[in-house]
Every structure is written in C-alpha cells, then in structure tokens.
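The values are calculated or read from the model by the stated rules, or taken from the named source; none is laboratory data. No experiment lies behind these values; they were computed from the predicted model shown. Backbone-built Cβ (ideal geometry, glycine too); neighbour counts: all protein chains shown. Surface accessibility is based on the protein's heavy atoms, side chains included, excluding ligands, DNA and RNA. Shrake-Rupley method; radii C 1.70, N 1.55, O 1.52, S 1.80 Å.
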Amino acid sequence: MSTALLDHKAQAGARNGGVPARRAVIRWSWRMFRREWRQQMLVLALIVVALAATVVGAAVATNTPPPAGAGFGTAQDMATLPGGPHLASQIAVLQQDVGPVDVIENQAVAIPGSINTYDLRAQDPHGAFGQPMLSLVSGHYPAGPGQVAVTDGVAATFKLTVGDMWHQGGQTRQVVGIVQNPQSLLDEFALVAPGQVSTPSQVTVLFTAPRGKNAAASLGSVSQYVVTRHDALATVGLLLIALVAVGGFTVLAQRRLRSLGMLGALGATDTNIRLVVRVNGVLVGVVGALAGTVLGLAAWLAYRPELQSSAHHLIGPFQLPWVVIGPAIALAVVATYFAASRPARAITRIPIVAALSGRPAPPKQVHRSALPGVALFVIAAALLSYSGRSNGNGGGALELILGIVLLVVAIILLAPFCLVVLARLGRRAPIAIRLALRDLARYRARSGSALSAISLGVFIAALVCVLTAQRYGNVLDYAGPNVASNQVIVYTPGGGNGPGNGPGGSSPSGTASTPRAQAAVAQNIARGLGSNTVIELDQAGANLNHAAAGRSWSGPIYVATPQLLQAFGIKASDVNPDADILTMRPGLSGLSDMQLLYGDNGNGSGGNGNGPPTSWPCPKGQCLANPVIQQVGALPSGTSGPNTVITEHAIHALGLHTSPSGWLIQAPHPPTAAQITDARLTASAAGMTIETKSSTPSSAEILNYATAFGIALALGILAMTIGLIRSETARDLRTLAATGASSFTRRELTAATAFALALGGAVLGTVAAYVAAVGYAWDNPLDGLSELSSVPARQLLFIGVGMPVVAAVVGWLLAGREPAAMSRQPLE
C-alpha cells in the first residue's frame, strides 16, 4: 500500500474523528438505548413476536406429518420398489451405482375383522440409513426366524405382550419386543429379522447418492422409483422480521431528530450520525433476537406435547429446524441494521437547524409505477401454472418455489401503490379519515412495510383456505372424514376397502355364508354398540365416471333403498321420479360429461374402482351418458358412507340386480376402544370387516384454524404498527387537540388508519392467494380449475370484512386519551 493512500485514509479518518469518535458515538448510542428502552419497546416487540413466531412456526411445520425427511431416515434418496421377480436385480443396480444401501422389506397383512392393515417388516435395526425410523420401547429386537417385535397398535389389536407366542399367517413367532417408528406413530408393523419376509409387496431402499450426482437420472428403469429429499426454509417468517423493522426504525430516527441535530451542531459528521442510528438498529436486533428466540423456545416446549400427540410421531425437545432458526436469528440482526440504514441516510439530509426544531422533513413525492409488481404477479402465475401442469409427471418443484417467492416480492412492491389508491378513494371522506389516509400515502416508508407484513400474514391464511376448499370441493375425488364418529360400517366378505376386499378381491373364509347370517352378525355388533339403527347397504354393480382424462370417481355407489332413504329422513316425494343418482356432494348434479357405468364396466360390485375408459358419448348397454343426478343434502357426507346412491328407477331401467354389501350402524354415542375391539372380533369370526371413523380432519376444521391464524397474525402486526404510527404523529395530535379537536376526531384518525391497513392487507393478501391457487390449478390435469368454484366465502368474509372492522373498533376504543403535555414539546 502506497504512502499517499495511507495519508489519504489517515486524513479521512481524522475528518470523521477516527476510532475515538466512532467509539464515543457507539457508547452514546448504547447509553441512549438503555435510557430510552421504553420508547423502543414497540420495535422490540415487533422483532420479538416475529422471531418467536418464526421459531414456533418452523418447528411446527417441520414436525407436522409428514415430518421433514419422514421415510428417508438419514438418507437423501429413497427408491420404493414393487415386489416381483426383478426386485433382486433392481437392488443390485442401486448398490452398484450409489454404494451402501439400506433395504426395508414390507408385506401388507390384513387385520382380521377390519379394513385396516399392518406391515410385516424386515429391517435391520442398525442399518446404515434407517435407524431414525425404528426405536425400541421394551424388550429387544428380533434376531432369528422365530422372533417378532410389534408396535403398540398391533399388540393391542391382537392382545399381545412380550413373551407371548403369536400364531398369525400360518406361522408361530415369539414376541420379543415392542417397537415404534419415531417419525410416524401411526405406522403399525410387525418387525422380523432381515430376510424373513419371503414375498414382499414393497421394498424401500435408502441411500445417499454421491454429491453432484443425480441418482434418478443415472439408474435407467429404476429411476422412476427414486425420489430425493428437499429441505425448504421458512422464508415468510424471515421476511416479516425485515418488513416490520423498516417502519420501526423510521419512527425511532424521527424521535431522535433533535438529539441527532444537537450531535451535528457539536461537530459530528454525517458518518457519525448514521453510525448512531445503525448501531441502535444492531442493538435492537440483538436484544430482540435473543428475547424472541427465548420466547419462541418457551412456547415450543409448552406446545410440544400436544403437537406430539396430534402429529403421531415422537418429537425431541430440541428437534428444531436449526437451519431455519439460525438464519432467522442472524437475519433479525442484519435486517434491523439495514432497516436502520435507510432512516440513517435520510436523517443526515435534514439541515441542523431543522433537526433542532424537531419538525420532520416533508416527504418527497416518489412516483413509482405499479407495473413491476403486476408483472411479477403475471410471471409468478405462469411459473405456478407450469408447476401445476408438471405435477402429474413428478416435476415443477423449482418452478413452484420460485413462483411463490416472486409472488411475495410482488406483494411488497404493490403495497405502497395500494396506499396511494386508498388515499385517492378517501378524497371525499370526512376530514379525520382523509388525514389518516393521506398520512399513510405520504409516509410510505413506515406504512408500506407494515401493509406488506399484514398482506403476507393474510396471504398464508387465505392460501390455506383456498387450497382446502379446492381439495374438499372436488366432487369426484371426494375428501373428508370417512364416517361420523358414532357410525360403524360392517362389510360383507369382499365388500370393504381392505386387501382382498372390494371388486375382484378374494373373500376371506368365515362362518356367515348367507346374507341372513351376515345380517344377524351386523345386528349382534349393533347391540354391542347399544344401537337399534342398522341400515342395509346394497350395491348393484354400478359406478360413476367422468369422460375427461384424469378426473376419476372415488367412493362407493350404494342403492337408494326405501329403508336407507327413510333412515335419513328423505321422503319419496322429495325424489325426482326420473333421477338416476342421488347425492349430497355439492356441484355433482351440474357436472357435464358424467357416465354411469354398470355390468362389467361397473366392476361387478360397484366398489371404488372405475370401469374401462369409454368414448363420449359412451356406448349403450355399457354405460349411461349424463345420468340424471339430483342433489339431496340429507344424505350423509362421509366418504365411505352412502353419500351417493343409485335410485331404484335406474336399477329397473338398466336391469340391474342388487346384493347386500354391508350395514351402516348409527350408535347413540361414539364407540369406545373396547367396543370397537369386540365388534372387530365378532366380524372377524364371521369373515367380515368393520370400518370406524378415521383421523381425517374436516374442511371446516382446517378453514377455521387457518382463518384464526391469519387474523391473529395480521391484527398483532397491525396493533404494533398503529402504536408506532400514532407515536410518530403525537405532535400532530397535540396540535389538533390544541385547536379544539375532540376525542372523537382522535378516535377517527386511529380507527381509519387501522381500517385502511387491515383492508389493504386483506385485499392484497387474498388476491395473491387466488393468483397462486388459480395459477397452480389452471392447467393441472389432476386438480383442474373447476374445484376453484368452491370458494370459502365465510372465511374470506371474516378476513376481508371482519378483520378490518375489528381493527377499526379496537383502534377507536383505545385512541380516546388526550395527549399529555399538550402545550409544550416534550424533551426526548
């Protein structure tokens, strides 16, 4: 380094005061931070809440089923191979190409008397990659051909304890232990030693391909079975930290305007003054990050037992996504530094005399176009559309992530424009409302970031609501709880949904060989459940289908017998005499290109399968094109129950024959575990099976939780933002009060500010959610656009109308206090 350059740097350091000046400014900033911590409490609260929400949200998202990496163990790649003669050669190809592998063999076994199954699993407890998927509860792992370890569910089902001899599947094994899959407590299996599953139906091979090598692209025909684990970061929570900090430090810089002006009058350079604000940002970021992390960890530890129960897998106290939380903590400090940099630069442009007066500089009119934000919306929609179109082929993951990121950036770019639109819409409003909207548009440095943060919270909630309504609104591939909690379905041999049941399946042997004997078994089970309501479920070898490719029907088609209609309060006069199908599925009656398959095309028993593809219109004698479908809301909504039935009119017209497929029992109360076990054993003795309520949530549960989350997050950010905005405009409030403005006017200002921010965030977030949903579903061959007609109107009204109204009411109630020291400028 030359002497001239050293002299130049020395002169520059002397002009700025050098290291002693920077050290003095940092000490002054730290002293001011300690003395004025109450004034910075709102900014600290913003950062603490945002980081705590990121910690808890990332932990919950990572540990909610399926947990991150579930099924992979410690491997990065997994191949799921079907059983068959080529299995050994496929595993050999994998070993030769990728090195060490961990092989897990599974054979699905039906539980007698139930449609549920368990896996007979051969796995090495000390395998190279599968150890996290297996843990020992009691006893020891099986070590020989005559030993087995079972999960708690299998032990309870077959009434087994350690040391018992288990006679199952023609073999006798000794139970040597109780095991579990920590990543999924719903995984029920019987563990045997490696090599003890003679005919596996499915084999999972875990491995980690060499770095930089695409395993799926180099394995030939085996590549179609390979998937790779992808870890995603919770970027939304990190963005919230940055957004809420920008407005906060703009307010803090304005609060310290007179102090910074005095510092400049004493000879401090612009660099020193900027350093004051930036150091303050770092201090606030460090304190807020530490406090937020501690609060988030405390909330996580308190919530962990409940999540562990509902997620059905073990979760360690510190089983957290540190790859998300670590960057979030760092970003809390980095974001506050950069968030403080903008007001730091702006504060040095204010003349010293103006700074000493304490009056804020008039905001510069920045004319920014909304076109970049709109363009990003369009690009994001195109990427999401491509991702949806590629979803059926297993691709589109990168486009999906990039589309969501661009959509978030578009929200941030459009937030200031939304404030300008609100201000223009309020030109003819009363003076207080007009002032509030004008200030939001003028001071977009603080209000724009707040609106972006609110919009992101609403975006998350609205997107969950829209996607849930889309999935549950698919009238063909129906989703939801299978039966009501007080209902039990008893199936005839071959009439259920488990292995060996359904159309074309083999019927298990049993003693109830006639319909009368099977009905007697169903009555016996009903008496054990304390029920007198037993509804016979008949099938006629009929099924529904849609002519469009990729739009298949799911669910059984039962017969609308007089007994079934009477049981659900449906009178004969309520049924259209020409109706072929009665259904409670909303929208099915208006769907075109429907086909009613029967005979061989209906798969014989009218079960869950679909007949062979047919042309449109379908040939007569094989199916009925566009059958008359009538919607009847009184039918049950369970996916396994008689939600869609074929009328006796259609049976006579098509010449079909009916036969019993099962019985629906409606008990006065949900059955207990002991009653379910007794019913299963009774059904098993007769070669029959039962089905009880599964853990599938209803759409109302998902929608309500998502709505509550979005509103709570948005209102929390809004409350803290309103506190910042009102504190910055305290001088204006004092002026208004001194000139005769009543508390009504002050309330109007705060209520209008809260309402405008909440309304703008609700509209922008909801529009972004629909852009994401419509873009993804537009050309998706599996979902299609028609399901988007199921709009979650009630939840969106709560977000779009209820949230702004609540914000306005709360702002009105909390803004009536008259400002202190109205006649003088308080010293800060």
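Of all residues in the range 549-592, those satisfying the criterion of being in contact with a Pro (Cβ under 9 Å, 6 or more places away or on another chain), open to solvent by less than 60 Å² (accessible area, probe 1.4 Å) and modelled with pLDDT under 90 are GLY550, ARG551. Mind listing whichever residues of the range 55-103 are at pLDDT below 70 and either open to solvent by 30 Å² or more (accessible area, probe 1.4 Å) or in a helix (DSSP H, G or I) (or both)? Residues satisfying the conditions are GLY57, ALA58, ALA59, VAL60, ALA61, THR62, ASN63, THR64, PRO65, PRO66, ALA68, ALA70. I'd like to know if the range 131-141 contains one or more residues that are touching a helix residue (DSSP H, G or I) at 6+ places or on another chain (Cβ under 8 Å), farther than 16 Å from GLY195 by Cα and of a type in the set (S, T, N, Q). Within the range 131-141, none of the residues are touching a helix residue (DSSP H, G or I) at 6+ places or on another chain (Cβ under 8 Å), farther than 16 Å from GLY195 by Cα and of a type in the set (S, T, N, Q). Looking across the range 21-44, just one residue is closer than 30 Å to ARG304 by Cα and modelled with pLDDT of 70 or more, and that is LEU44. Could you list all residues from the range 547-584 that are out of contact with any Leu (no Cβ under 6 Å at 6 or more places or on another chain), closer than 18 Å to HIS652 by Cα and part of a strand (DSSP E or B)? Of everything in the range 547-584, those that are out of contact with any Leu (no Cβ under 6 Å at 6 or more places or on another chain), closer than 18 Å to HIS652 by Cα and part of a strand (DSSP E or B) turn out to be VAL559, ILE581, LEU582.
Name every residue in the range 522-546 that is open to solvent by less than 10 Å² (accessible area, probe 1.4 Å) and assigned to a helix (DSSP H, G or I), in order of residue number. Answer for the range 522-546, where residues must be open to solvent by less than 10 Å² (accessible area, probe 1.4 Å) and assigned to a helix (DSSP H, G or I): ALA522, ILE525, ALA526. Only a single criterion out of (1) modelled with pLDDT of 90 or more; (2) at negative phi is not satisfied by GLY144, namely (1). The residues of the range 375-407 that are open to solvent by 70 Å² or more (accessible area, probe 1.4 Å) and at pLDDT 85 or above, listed by number, are VAL378, ILE379. In the range 104-210, which strands (runs of 3 or more DSSP E) lie fully inside it and hold 3 or more residues that are open to solvent by 10 Å² or more (accessible area, probe 1.4 Å) and closer than 27 Å to THR492 by Cα? Counting at least 3 such residues, we get 117-122, 165-168. Got a sec? Which strands (runs of 3 or more DSSP E) wholly within the range 614-714 have at least 3 residues that are crowded, with 18+ Cβ neighbours inside 10 Å? Because the criterion is at least 3 residues that are crowded, with 18+ Cβ neighbours inside 10 Å, the strands (runs of 3 or more DSSP E) in the range 614-714 that meet it are 644-646, 659-666, 689-691.
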